[in-house]
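To start, the structure under review is shown below, and the notes come after it.
Just so it is clear, none of the values below were taken in a lab; they were calculated from the coordinates. These numbers were taken from a predicted model, which means no experiment stands behind them. Cβ: placed from backbone, ideal geometry, glycine included. Neighbour counts: every protein chain shown.
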Amino acid sequence: MDTDVIVVGAGPTGLMLAGELRLGGARVVVLERLARPTGQSRGLGFTARAMETFDQRGLLPRFGQGETLEISPMGHFGGVQFDYTVLPDGHFGARGIPQNQTEAVLEEWAAELGADIRRGAELVEIADGFLDGDHVEVAVATAGGVERLRAAYLVGCDGGQSRTRRLAGFDFPGLPATRTMFLADVLGCNLKPRFLGERLPNGMVMAAPLREGVDRIIVCPHGAPARDRDDDVTFAEVARAWQHITGEDISGGSADWVSSFSDATRQVREYRRGRVLLAGDAAHIHLPAGGQGLSTGVQDAANLGWKLAAEIRGTAPAGLLDSYHTERHAVGRRLLMNTRAQGIVFLGGEQSDPLRELFTELIGGYDDVKRHLAGIVSHLDIRYDLTAADGADGTEGAGSPDSAAPVHPLLGRRIGKRPLTGAGGDTDTVRLLRGGRGVLLDLADDAALRSAAAPWADRVDVVTAVAKPPEDGDDLLAGADAVLVRPDGYVAWVVGDTEKDPAPALGRWFGAGRSA
C-alpha cells in the first residue's frame, strides 16, 4: 500500500480527519485540488461542541486567547435570539474566526503529526473493486501528470459537490434548491450592522463588519430562482439584489469575493460503501443556518478518525467502523431537519410570520424550549444510543427502551469539561483526551478495575482521580465509580451500583485486550 488512508479535501473536515488518523497511528495522504488556499471564508466561527472537540486535542490556544477568541452566549434559532447559557456549559460557540484561519490551524496540526498534504492534486478516478476488495486505488491529476495511489481506505471530505461521492456511486437523496442567495465580503460600503438579519418585503439581508472597511453580507432575495452552482456570480449581481431588498446602492463599492448558495437539502443514504467513506458536506448539504456545517464536519471527522485508525491497526472490534454511519447519519439527519425549520421561520416571507411569532413566544416564555433549541444548534444535545450494538439516535434522550437495566444519564453523551484532582495534580476530562486515546476514569480508587483494564493499556489510559463538583452544579459524575470515555469524548460505559467489570465495554469499543 502507498498509504493507509487517502483523504480527499483539505478543508476543516479533511484536515481534522488527517490529524485524528495520525494520532491513531495511521498513515494518511490528503489530496487537495487547489494549489493554495483561496483565503475565502464562508464560515466565521464554530459551534460549542466543535469548540470542545478542538479543546480535546489542545488546539484552542492556536485560535487565540481572551478577547481574540470570542465566545458568544447569545445565539438564535431561525433568527429569534436568546441566551444559550440556559444549558450547563452552554454558549452559541466561538465567532469571529474566519474559516481560512480554522483551516490554517488544522493544516499546521495535521502536518506536525505527520500527515502528507498534497496540494494541486485532484481525484479523477476510483478504480473498481473498492466495494469488496482489500484496498482502494485512485487516479490523481497533478502538475506532473496522472498518478495512481493505493490505500486501505478512501474518505471523501471534498464538500457539497463531492467528486468522491459521485465516483463511488453514493445515493444522495433529498430536496433540490428552490432559491438562490448570495454571500460576499464587500469593501467601501459603510453598511450599518444587521447581525441577526433584517427581514424586509423583498427578502432578508445580514451585514457584519469583518475589519476596517470590510463587511460580510448575506443577501436572500425572495423569488430568486435556483441556479447552476457552476454559474459565475458577479458583485454587480449581488449589489442589484441588495438594492432590490434594502433600497441602498452599494454598486460603488467592491468585493474581495462573492459566492452563491441555496436551500438544497440532501444526505447520502450510507456514509460508507466498502472502502470509501464520506464526511462533512460530502455526506450532507443544507441551508447554512447557525454556522453548523463546518462544525458537523469536524465532529464527523472526530467520530471516524479513531475508529478507522483502529481498523487499520487491526485492533478494532467487529462493527466499530460501521458505527460511524450509525451514529453520524442520525446526527446529519437531525441537522437537516433543524436547518430546514430555521429556513422556513426566517426566510419564508410574509406567509411564515405566524410561525415566527409562535417561535418568538415559545422561546421567550419557556426555558425548556430554549434548552432544547440551544442543544440542537450548539450540538451539545447529541447522545448516541450505546445501550445496544446497533442503532443510534444521535439526539437528546436517545436510549434503548427495551433495556432492562437503567441507563446512566451520562452514557452516550459528551463528557464535557469536568475538573479532576489526583496523584498527578489537578487536571480535567478534556485534557486527558489530548492524545486521542480512550480514557478509563477510576473515580473510586479501585485496584480490581485497574487490573481488569490492564490488557488494553496500549489503547486506553487508566486515570485514578476524584471529580470536583462543577461550578454549575450539574454533576453527572455524581455516583459514578468509573467512566469509560471514547477518544471522541463520548462516554461509552459508566459503573455505579451494578456492572463493575470494565472488560466487556473495553472489548466492545477497543477490541480484544492483550494477554500479559
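In degrees from 0 to 90, rounded to the nearest 10, what is the angle of the helix 99-112 Cα long axis to the longest principal axis of the chain? Helix 99-112 sits at roughly 30 degrees to that axis.
In this Cβ point-charge picture (+1 for Lys and Arg, -1 for Asp and Glu), region 349-389 has a dipole of about 220 debye about its Cα centre.
May I ask for the distance between the Cα centers of region 262-331 and region 111-178, given as a whole number of Å? Centre-to-centre distance over Cα atoms comes out at 15 Å.
Using only alpha carbon pairs under 8 Å that are at least six residues apart, calculate the relative contact order of region 419-510 and give it in whole percent. In percent, rounded to a whole number, it is 31.
Shape of region 1-105 from its Cα gyration tensor (a ≥ b ≥ c, root eigenvalues): rounded if a/c is under 1.5, otherwise prolate when a/b > b/c, or oblate? Prolate, because a/c is 1.5 or more and a/b exceeds b/c.
For a straight C-alpha distance cut-off of 18 angstrom, the aspartates and glutamates reachable from LYS307 (same-chain residues fewer than eight places away being disregarded) are ASP4, GLU20, ASP134, GLU270, ASP322, GLU327, ASP385, ASP390, ASP458, ASP461, ASP488. Considering only alpha-carbon pairs that sit under 8 angstrom and 6 or more positions apart, the relative contact order computed for the chain is 16 percent.
Each peptide in 319-326, 178-185 was scored by the mean count of other Cβ atoms within 10 Å over its residues; highest first, the order is 178-185, 319-326.
Along the axis of the charge dipole computed for the chain (Cβ charges of +1 for Lys and Arg, -1 for Asp and Glu, origin at the Cα centre), the listed residues GLY343, TYR153, ALA444 are led at the positive end by TYR153.
Could you tell me which of rounded, prolate or oblate describes the chain, using a ≥ b ≥ c as the square roots of the eigenvalues of the alpha-carbon gyration tensor, with rounded for a/c under 1.5 and, failing that, prolate when a/b is larger than b/c and oblate otherwise? Oblate. Note on region 1-128: dipole from Cβ charges, positive end direction compared against GLY9, VAL105, THR38; the farthest Cα belongs to THR38. Cross-link partners among lysines for LYS500, C-alpha distance below 24 Å, same-chain residues fewer than 8 apart left out? Reachable lysines: LYS468.
By definition, a body whose alpha carbon gyration tensor gives a ≥ b ≥ c is oblate when a/c is 1.5 or more and a/b is not larger than b/c, and region 180-263 fits this oblate description.
Secondary-structure-derived ellipticity at 222 nm for the chain, considering helices only, amounts to -8500 deg cm²/dmol, per-run term -39500 (n - 2.57) for DSSP H runs with n ≥ 4. Think of each Lys and Arg Cβ as +1 and each Asp and Glu Cβ as -1; about the Cα centre, that makes the dipole of region 419-510 roughly 480 debye. Of the peptides 158-165, 82-89, 350-357, the ranking by mean beta-carbon count within 10 Å, highest at the top, reads 158-165, 82-89, 350-357. Remark on HIS222: its backbone amide H falls under 5 Å from those of GLY203, MET204, a criterion applied only to residues 5 or more positions apart or on other chains, H modelled at 1.01 Å from N.
In a reduced charge model with +1 at each Lys and Arg Cβ and -1 at each Asp and Glu Cβ, the chain shows a dipole moment near 700 debye about its Cα centre. In terms of the mean number of neighbouring beta-carbon atoms within 10 Å, the peptides 198-207, 259-268 order highest first as 259-268, 198-207.
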